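Participant: Right, I'll just put the structure down here and ask away after.
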Amino acid sequence: MNIVLIGPPASGKGTQAKLICEKYNLFHLSTGDAIRKIISEKGDLSHGLKGFVDKGLLVPDEIIVEVFKKYLNEIDTQNGILLDGFPRTLSQAQQLKDILKIDYIFEIRASLDSIISRIEDRIICEKCGTNYSFKKKGLSICERCGGKLVKRSDDTTEIVTNRYNDYTKLTHSVIDYYKNKQEYHQIDGEKSVNEVFDQICSIIESDKESE
Ligand code: AMP
């Protein structure tokens, strides 16, 4: 089973990706992580890629598609993969169709207002990256690893608003491309983590039952 997960920054996409991969034993393929790995290995491609990433620019389609294909060959895709951060443009979505059969496209939807209130309340563990709601938990130390809980430096209203607007502009054509396909499902991302996860699982499980 191969899944594409799409969602705005701070929509809980990362948390859902983790939960889905754990439950269905999928490989979590984040193109952002793949690129950061290539950059850290300092090979032929690293310098060029770093230039784009450091400026917050998208890597051109022809390069990212090659990086993606190469990475696919190197990983264990036996049980399937969850794509996080790919495709981000119409051309990437069109090319993906010929590279991999996609069973589900889940678009997590959340308004900018709900995202801003979430990040205002979000603290993360500086050691293991676990997210917490400060209001709900009132913690200062991570329950998982004992690390210090801090605010992310990019969790400001201004930065998140910019990232949200960039995301909306960019993914518009990708969503248009997918929205009439039967693999596409819209998920209400304003619900709690468990409720969002339940929405996703119930779609997968009801397909399994009707098989
Ligand atoms: P992310 O961690 O997903 O925000 O990705 C970090 C950086 O990697 C982005 O700012 C882009 O420079 C690059 N990147 C990741 N995925 C893609 C993609 N699908 N297309 C183009 N560039 C990408």
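Participant: So, in nm, how far is label Leu58 from label Ser206 when the simple model puts each one 7 Å beyond its Cα toward the Cβ?
Facilitator: The two pseudo-label positions are separated by 3.2 nm.
Participant: For region 1-90, list log₁₀ I(q)/I(0) at each q in 0.11, 0.14 Å⁻¹, using the Debye formula over Cα point scatterers of equal strength and ignoring solvent, two decimals each.
Facilitator: For region 1-90, the Cα-only Debye profile gives -0.32, -0.52.
Participant: Turning to a different aspect of this structure: Over the Cα atoms of region 135-176, each weighted equally, I'd like the Debye log10 I(q)/I(0) at q = 0.15, 0.26, 0.29, 0.30 Å⁻¹, rounded to two decimals.
Facilitator: So the normalised log intensities work out to -0.61, -0.87, -0.96, -0.99.
Participant: Okay, moving on. So for the chain, Kirkwood radius off the Cα pairs, Stokes-Einstein at 37 °C and 0.692 mPa s: how many µm² s⁻¹?
Facilitator: 179 µm²/s
Participant: By a straight-distance test (C-alpha under 20 Å), which lysines pair with Lys151 as possible cross-link partners, with residues fewer than eight away in the same chain excluded?
Facilitator: Leaving aside lysines fewer than 8 places away in the same chain, those within reach of Lys151 are Lys13, Lys127, Lys135, Lys136, Lys137.
Participant: Which whole-Hz ³J(HN,Hα) couplings does region 158-164 yield from phi under the Karplus relation 6.51 cos²θ - 1.76 cosθ + 1.60, θ = phi - 60°, glycine and proline marked x?
Facilitator: 5, 5, 5, 4, 4, 5, 5
Participant: Over every pair of different alpha-carbon atoms in region 68-108, take the mean of 1/r and invert it; report that Kirkwood radius in Å.
Facilitator: After inverting the pairwise mean of 1/r, the radius is 11.2 Å.
Participant: So in the chain, what percent of DSSP beta bridges are antiparallel if you round to the nearest 5?
Facilitator: Among the beta bridges of the chain, antiparallel pairing accounts for roughly 25 percent.
Participant: For region 42-131, taking Cα atoms only, what is the radius of gyration to one decimal and the Dmax to the nearest whole Å?
Facilitator: Cα-based Rg and Dmax for region 42-131 come out at 16.6, 42 Å.
Participant: Let me check I have the definition right: for region 98-184, take the eigenvalues of the Cα gyration tensor, multiply each by 5, take square roots. What are those semi-axes in whole Å, largest first?
Facilitator: Equivalent-ellipsoid dimensions as semi-axes: 32, 17, 11 Å.
Participant: Something else about it: Under the 0.36 nm per residue contour assumption, what length would be gained going from the current alpha-carbon distance of Thr156 and Ile99 to full extension?
Facilitator: Answer, rounded to one decimal: 16.8 nm.
Participant: Between Leu57, Leu26, Leu149, where does the largest GNM mean-square fluctuation fall for the chain, given springs only between Cα atoms within less than 10 Å?
Facilitator: Leu57
Participant: Which whole-angstrom value gives the distance between the alpha carbon centres of region 81-133 and region 1-42?
Facilitator: Centre-to-centre (Cα) distance: 8 Å.
Just so you know, all these numbers are worked out from the coordinates, no wet-lab data involved. Keep in mind the model is a prediction, meaning the values are calculated, not measured. Don't worry about glycine lacking a Cβ; one is built from the backbone with ideal geometry, like all the others, and counts go over all protein chains shown.
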